[in-house]
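Asker: Encoded as structure tokens, here's the structure I'll be asking about.
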Amino acid sequence: MAFHFHLILSLSLLTLVVFPSKTQSRLTQNYYQKTCPDFEKIVQQVVTDKQLASPTTAAAALRLFFHDCMVEGCDASVLIASNAFNKAERDSDINLSLPGDGFEVVTRIKTALELQCPGIVSCADILAAATRNLISMVGGPYYPVRFGRKDGFVSKAEAVDGNLARSNMSLSQIINLFAARKLNIKEMVALTGAHTIGFSHCKEFSNRIFNFSKTSDDYDPSYNPKYAEGLRRLCANYTKDPQMSAYNDVITPGKFDNMYFKNLQKGLGLLASDQAMAVDGRTRPLIDLYAANQTIWFQDFVHAIQKVSVHNVKTGRKGEVRRRCDAFNNLKT
Ligand code: HEM
């Protein structure tokens, strides 16, 4: 009897220790209500100032957030700086073009928050909140975000390869990459509508505008001819000046609208991966739908970005709240 009692007691203690209560591990919208009541207000203030001063911030943060979530989950692993012992995610080849504005807006928010409520708000939550606010600032939908993500303990450049799509991949390869993150074709197309804002460097599409057929110096015939000629002029010196870039959405470059999808229907898709979606039977009906109806695209985008934003998040002791976003608290890890 006594043995049974002890067994039951130890089992229930084990349950308490091993399995944290659900409320502890679940993300909630009001996670910081008591510990940092001004969290959302501070995010909004900093984001507004930064976006007004540097209008490229919204696109920068959105790409940064997406690249964070696709590798190790949304845990701010992309924000870690490399050191002598560790080449971090942000120094992987594909992440080298992540613009400074995205990192900077997070740093500014973190600095402001550390003054108000030190050690409370994770960098992963800051990036999720800033991205949401910036999308809405440039005309996109505002959606609820749940908080309570912890910052991760791992950031390795070699973990990035194979987890993020490249513009020269086939559509099937890209579909598979998204599928590996449990994102279906509809969610993939809705998310990639993010290319309604921001830039791409010439090298990302140079093979479509110069020497496309290898025998003569022509361009990809799926481009609208005037657009291709404009891009050729813009990128004429791109090997000497690798910073040369073009707007992802040539018609309304700074506005989060469904123009990206309308562009694809007219041969105005900048990257090969963009244009492929307008041609392939698996994606084309979605391009047509979103081009015709921005409201449906916004709904589908919100669903998909919310799914991305909780991808593989760490809660409880699986992460920490970093003191600064570019370094682990314990520098030895
Ligand atoms: C379908 C697969 C995708 C491919 C192949 C792709 C590829 C690229 C490339 C090559 C660039 C240009 C980077 C540069 O030259 O600086 C870019 C920019 C961008 N991408 Fe994607 N992307 C994809 C999906 C996404 C998704 C799902 C999102 C977000 C939800 C996203 C957000 C962005 C943003 C906002 C920019 C502009 C960044 C800036 O202006 O700084 N992309 N993407």
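None of the figures in this text is laboratory data; all of them are computed from the coordinates on show. Since we're looking at a predicted model, the values are computed, not measured. Ideal geometry is used to build each Cβ from the backbone, glycine not excepted, and the neighbour counts take in all protein chains shown.
Asker: Quick check, is Asp93 of a type outside the set (A, V, I, L, M, F, W, C), within 16 Å of the ligand (Cβ to nearest atom), out of contact with any Ser or Thr (no Cβ under 9 Å at 6 or more places or on another chain) and closer than 18 Å to His201 by Cβ?
Answerer: Answer is yes for this residue.
Asker: So Val250 ticks every box in (1) crowded, with 16+ Cβ neighbours inside 10 Å; (2) part of a helix (DSSP H, G or I); (3) among the β-branched types (Val, Ile, Thr) but one. Which box is left unticked?
Answerer: It is condition (2) that Val250 fails.
Asker: Can you name the number of the only condition in (1) surrounded by 16 or more Cβ atoms within 10 Å (Cβ to Cβ); (2) more than 16 Å from the chain's Cα centre (by Cα); (3) farther than 14 Å from Ala58 by Cβ that Met137 fails?
Answerer: Status for Met137: all satisfied but (3).
Residue by residue, here is whether (1) crowded, with 22+ Cβ neighbours inside 10 Å; (2) out of contact with any Asp or Glu (no Cβ under 7 Å at 6 or more places or on another chain) holds:
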position	(1), (2)
Val43	yes, yes
Ala53	no, yes
Thr56	no, no
Phe65	yes, yes
Met70	yes, yes
Ser77	yes, no
Ala84	no, yes
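Asker: May I ask you to verify whether Val106 is of a type in the set (Val, Ile, Thr), within 16 Å of the ligand (Cβ to nearest atom) and within 15 Å of Val321 (Cα to Cα)?
Answerer: yes
Asker: Here's a follow-up. Sort out which residues of the stretch 146-171 are farther than 27 Å from Ser273 by Cβ and either within 16 Å of the ligand (Cβ to nearest atom) or surrounded by fewer than 19 Cβ atoms within 10 Å (Cβ to Cβ) (or both), and write them in order of number.
Answerer: Within the stretch 146-171, Arg146, Phe153, Val154 qualify.
Asker: Further question on the same structure: Might you let me know whether the stretch 47-67 holds any residue that is more than 13 Å from the ligand (Cβ to nearest atom) and within 28 Å of Gly316 (Cα to Cα)?
Answerer: yes
Asker: Here's something else I'd like to know. Confirm whether Met259 is of a type outside the set (Ser, Thr, Tyr), within 13 Å of the ligand (Cβ to nearest atom) and over 18 Å from the mean Cα position of the chain (by Cα).
Answerer: So Met259 does not fit the description; no.
Asker: From (1) touching a Pro at 6+ places or on another chain (Cβ under 8 Å); (2) without any contact (Cβ under 8 Å) to a residue 12 or more places away in the chain, pick out the condition that doesn't hold for Ile135.
Answerer: Evaluating Ile135 over (1) touching a Pro at 6+ places or on another chain (Cβ under 8 Å); (2) without any contact (Cβ under 8 Å) to a residue 12 or more places away in the chain leaves (2) as the failure.
Asker: Within the stretch 254-307, track down each residue that is among the charged types (D, E, K, R), within 25 Å of Ser206 (Cα to Cα) and assigned to a helix (DSSP H, G or I).
Answerer: Once the filter is applied, which keeps residues that are among the charged types (D, E, K, R), within 25 Å of Ser206 (Cα to Cα) and assigned to a helix (DSSP H, G or I), the stretch 254-307 yields Lys262, Asp274, Arg284.
Asker: Can you tell me which condition Gly139 does not meet? The list is (1) over 23 Å from Ala76 (Cα atoms); (2) small (Gly, Ala, Ser); (3) within 12 Å of the ligand (Cβ to nearest atom), and all the others hold.
Answerer: Of everything listed in (1) over 23 Å from Ala76 (Cα atoms); (2) small (Gly, Ala, Ser); (3) within 12 Å of the ligand (Cβ to nearest atom), Gly139 misses just condition (3).
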